[in-house]
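The values are calculated or read from the model by the stated rules, or taken from the named source; none is laboratory data. Being a predicted model, the structure only gives us computed values, none of them experimental. Ideal geometry is used to build each Cβ from the backbone, glycine not excepted, and the neighbour counts take in all protein chains shown. Only protein heavy atoms, including side chains, enter the accessible area calculation; ligands, DNA and RNA are left aside. Shrake-Rupley method; radii C 1.70, N 1.55, O 1.52, S 1.80 Å.
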Amino acid sequence: MTYIQKRNVTGWLFLAPFMCSFFLFVFVPVCISLWLSFVQLDLTNAAQSKVVGFQNFSDALKDDLFWKATHATLNYAVLMVPAVLLIGTALGFGLYGMSRGRDLVRGLIYLPGMLNVAAAGILWQWFFNNEFGLINFTAKRIGLPVLPWLSDKAYAMPSVVIMSLWWTIGATSIIILTALQQIPQMFLEAAALDGASQRQTTFKIVFPILRPVLFFVFITTTIGAFQMFGQAMILTGGGPEFSTRGLVQFMFETAFNGFRFGYGAAISWLLFGMIAVFAVIQSIVVRRDS
Amino acid sequence: MQKSGNFNIRGLLGGLAVIVIITGLLRTFLTGGFSASNKVSITFWNGFTGPDGIVMLDIIKEFNKENPDIDVGMQRIPWATYYNKLTVAGSEGRGPALFISHADAIPRLRRAGFVDYADDVFTGDGAINPKDFDRYVLDRVKFNGRFGGVPLDVHPQGLYCDADMLKKAGIIGPSGEAKVPETKEEFLRAMDAATIERTDKQWGYALTVWGANMRAVMAQFDGKFLDEKGNSVLNCPENVKALEFVAGLTKKGKVPPPSNGLGWFGFRQGKVAMVWEGVYMVGDLTRVNSFHYLGGPIPVIGNHMGTIGNSHVMCIRKNLSPKEHDAVIRFVRYLSTHSLDWAQAGQIPARVSLRSSERFKGMQVQSAFAKQIPYVLFPPKTPVIFEFMLQMDLACEYAVRGQKTAQKALDDAQKETQAIIERDRREHPEDYKS
């Protein structure tokens, strides 16, 4: 065996455990779900399952609940993605600018992300509680009006977004901080020597260098936003009036409460299609701009 | 030193092995393990994860003690995921020998094909007399003229009152104690009297689960979910009247606004004088110290007494061995006979004879709620129960929040639920042949 062949074999051996688990727990289920999306399969009557072609997809597109869930998902994404980009970037810059205590603050910002979504959700359910919650309690103390955070359609989705931001913003800010730390000092020094102002340096040098990282955050946050599930499930249960019931929750409830696995699988593929379309559009727009 | 260390480890391991062997032998001798082949083990699944589960566990321990040839093992799973797990396990032939199902979930489980008939409970030595059940309750578990399970309890919604708050508001009977409102007029008067609007801190009444509250009134107006042919009639005039009443309370500002969130929690905190909730919530109140509460039937808002309710039904899995089957039958009969113990967990026994006992009459809330049993409306008997109730609850939410009129909300829900039923008929024609 040549040296190159040996290296190839070693590489494959290292990859093998992951490849096996990927094949078993990702590839195979994805294939099964694709097949299921063309089948009418009710778990309570699995023996009567049959191939129905695109029926599940066309049923979904005619289903009012599907569009309600799509609306809720888009609503969440529209609020969440810009908020993550803005606040994450601001925090990243803030951390970058800190000369002392940066590690401690970075750790504290990242800490909520270590929590399980259920724990974070239950915690915020109490924070948002109308009568006894920390937020309304504080608002009352300082003379601000109390708000029905989770029980009013106008506030429910923003509440879910606030909780999600608290839960996930640490990771984003650290990614941006790391990217900032990677910027070669010579660029900044050269700009300073050329007499560039702070604003010019930030917008003409730092942001262009950060663009691939911001693009990465943009794409991953958008994908994550489309997959929103646990936060709303725990905070609001999808209410009020299904205004926070996203596509993943709709899919889950259809498949696991309604036992319509075929229909549930079709919804998941429609969601995949939406994510793919958005990702491609984002990719084209960002590349064209750059 | 090394040798000594090795010796100690060996000695420790050897000692442990001896202890394990001796413990095993002792257990075998003390529990009659050599005759273990005669002991039948049966698994019993349910969703009693609260204090009710502890009551059930005590009943099972007693049964196991009294029946040394049977060993019942209970598995408690939260209701939120219970039916998923039960259906998957049952469909794969790995389901429990005995399990609890709500009456309205049985049609779905029967469709999955693993629920056996429970006729043997009602025949042979030690049989339970079916006449000891309310006919209407027993009808809920009948399929093709046979018993699809045995009702353990009935759990209707009823009226909970904070006795101190009502008394303070002047809602008192001849004895000078708080009086539970019985009619619409009394209820509305009590609601107004106990509401302190000036401070906005105390309410006479609050809605809890809007859909369930509406269904309680729906029963009083003789409302229906389905007609004789199984078609949705959610927008029938009786249902509209019920929803108009419930939504009207919000519209008129008689109850906390929908965004307020006060309900059962507010009642427990002494901010709400009256709520409608299920009898099973009584267990929650017993944990609150110095809280004087009273239970009563839902006040008559419609034509007569009535409420919404459901039953925990004992269902038997198909394909049990004769030994397992006999053991399950004995255990089901035991549970049914001892359902007065179960009533302590906040339930009403399905057995009529037990409800007439002095012991049951001593359970104030349970016995007061039990007066409604002849008028209890059960959720519809349909395999699409999940989707059906989802649409109905959404309609109630729209009406209570003032997004739609009661008529419009129920018209829309009727269309949606009818579409669901028609889809199910198309997909499962064999279930609708009869």
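Quick notes on this structure:
- B versus A: buried accessible surface, summed, Å² (probe 1.4 Å, to nearest 100): 2600 Å²
- The B:Ile54 and B:Glu182 beta-carbon pair, evaluated with R₀ = 30 Å, returns a calculated FRET efficiency of approximately 0.30.
- Accessible surface ranking for B:Glu185, B:Glu416, 1.4 angstrom probe, highest first: B:Glu185, B:Glu416.
- The protein assembly as shown - convex hull of the alpha-carbon atoms, volume per residue in Å³: 287 Å³
- Residue by residue, region B:332-346 carries 3J(HN,Hα) couplings of 4, 4, 5, 4, 4, 5, 9, 6, 6, 5, 4, 4, 4, 6, x Hz when phi is fed to the Karplus relation 6.51 cos²θ - 1.76 cosθ + 1.60 (θ = phi - 60°); x denotes Gly or Pro.
- Per residue accessible area in Å² of chain A, where ligands, DNA and RNA are left out and the probe is 1.4 Å: 55 Å²
- Local charge for B:Pro107 was computed over the other residues whose Cβ lies under 11 Å away, with Lys and Arg +1 and Asp and Glu -1, and equals +2.
- Within the listed set A:Lys153, A:Lys68, A:Lys50, the Gaussian network model of chain A (springs between alpha-carbon atoms below 10 Å) gives the highest mean-square fluctuation for A:Lys50.
- B:Lys229, B:Lys184, ranked by accessible area, largest first (probe 1.4 Å): B:Lys229, B:Lys184
- Axis angle, to the nearest 10 degrees, between helix B:79-91 and the longest C-alpha principal axis of chain B: 50 degrees.
- Surrounding net charge for A:Gly170, when Lys and Arg each add one and Asp and Glu each subtract one, Cβ distance under 15 Å: +1
- Cα shape, chain A, gyration tensor, a/c 1.5 rule: oblate
- Positive-end residue of A:Asn45, A:Leu123, A:Pro112, charge dipole of chain A with Cβ unit charges: A:Pro112
- Reduction of at least 40 Å² in accessible surface, 1.4 Å probe, comparing all protein chains with the chain by itself, residues of region A:134-163: A:Ser151
- Local electrostatic count, B:Asp69, Cβ distance below 11 Å [Lys/Arg +1, Asp/Glu -1]: 0
- In this label model, B:Asp139 and A:Val26 are separated by 5.6 nm, measuring between points 7 Å along each Cα→Cβ vector.
- Beta bridges by DSSP in chain B, antiparallel share as percent, to the nearest 5: 65 percent
- Dipole magnitude of the protein assembly as shown, debye to nearest 20 (Cβ charges: Lys/Arg +1, Asp/Glu -1, about Cα centre): 1440 debye
- Accessible area per residue (1.4 Å probe, heavy atoms of protein chains only) ranks B:Ile60, A:Ile175 as A:Ile175, B:Ile60, with the largest value leading.
- Shielding value for B:257-264 is 5, the average number of Cβ atoms from other chains within 10 Å of each residue's Cβ.
- Taking all Cα pairs closer than 8 Å and separated by 6 or more residues, the relative contact order of chain B comes to 23 percent.
- Take the Cα of A:Val277, step 7 Å toward its Cβ, do the same at B:Arg423, and the gap between the two points is 2.0 nm.
- Relative contact order of region A:59-289, pairs being alpha-carbon contacts under 8 Å that are 6 or more residues apart, as %: 30 percent
- For chain B: Kirkwood Rh in Å [reciprocal of mean 1/r, alpha carbons]: 24.0 Å
- Acute angle (nearest 10 degrees) that the helix B:184-194 long axis makes with the longest principal axis of chain B, alpha-carbon atoms: 90 degrees
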